[in-house]
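Notes to accompany the following structure.
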């Protein structure tokens, strides 16, 4: 493929991201010339919490988990970004180190847009700033819901909230690829606590568990748990 062909392909990939969908063609071409594409296997670290912020990332394929690391070594999942999403913008805007870590949760293709190129777009394309503000507001709203769950739900409530949420998002209703470690990271609980609660629900016939697999069998019972789990 010629250099122009490569640039045109990158331009279309960037345009496919809602953040840059309304950008002028010249701005898109400049971004395409400045960016790099990284092919990363599952489990690859994109950046660590407290790393300096040097680039914005677009997800071209695959997915990336955003997580917080505690001083005692625990990890807490705060978001998962998929194809068409972006991440890593906060540290570019604030000038502060990365506030969370990013790790691929499957084989992924990421586009890296250097800080300087991103800042030029922010200064020249007001529609990008508008999209950025809208998306930041949505993420803050989701963060508030997550923090409320941590503050006001007991352990069972945190777990059932995630299971029911994933059930709604999953096309294959009732069945999900999820390990006990994944649940622990998403709920801020220990793996032992997650295993104990899932075991109790499995014996009650509310769900089935396998190797990195969970199938919901009794949503009515799980919904009652959700309703009764506020501290």
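Values in this text are rule-based calculations from the coordinates and carry no lab data. Note that the structure is a prediction, hence the values are computed from the model and not measured. Quick reminder, even Gly has a Cβ in these numbers, built from the backbone with ideal geometry, and neighbours come from all protein chains shown.
What to note about this one:
- For the chain, the longest principal axis of the Cα atoms and the long axis of helix 115-124 meet at an angle of about 70 degrees.
- Cβ-based exposure ranking for 108, 229, 144, 124, in which fewest neighbours within 10 Å come first: 144, 124, 229, 108
- Residues residue 209 and residue 154, FRET efficiency given R0 of 22 Å [Cβ-Cβ distance, rounded to 0.05]: 0.60
- Gain in span if fully extended, residue 29 to residue 74, counting 0.36 nm per residue against the direct Cα distance: 12.1 nm
- Evaluated at q = 0.27 Å⁻¹, a Debye calculation over the C-alpha positions of the range 31-90 (equal weights, vacuum) places log10 I(q)/I(0) at -1.46.
- Using the Cβ-Cβ distance between residue 106 and residue 144 with R0 set to 35 Å, the FRET efficiency works out to roughly 0.80.
- With N as its number of residues, the range 152-227 has a Cα radius of gyration that, divided by 2.2 N^0.38 Å, comes to 0.97.
- The modelled label-to-label distance for the pair residue 181/residue 15, using points 7 Å beyond Cα in the direction of Cβ, is 4.2 nm.
- Residues of the range 124-139 with amide N under 14 Å of a point placed 7 Å along Cα→Cβ from residue 115: none
- Tilt relative to the chain, helix 25-34 - C-alpha long axis, 0 to 90 degrees, to 10: 80
- Stretched out straight at 0.36 nm per residue, the stretch from residue 135 to residue 170 would grow longer than its current Cα-Cα span by 10.3 nm.
- Prolate/oblate/rounded call for the range 42-143, Cα gyration tensor, a/c under 1.5 rounded: prolate
- Note on the chain: Cα-only Rg and Dmax are 20.0, 62 Å.
- Computed from Cα atoms, the angle from the helix 155-169 axis to the main principal axis of the chain rounds to 50 degrees.
- Extension reserve of the residue 195-residue 1 stretch, reckoned as 0.36 nm per residue once the Cα distance is removed: 64.7 nm
- Size descriptors for the range 102-212 (Cα atoms only): Rg and Dmax, in that order, 18.8, 60 Å.
- By DSSP, the beta bridges lying fully in the chain are antiparallel in about 100 percent of cases.
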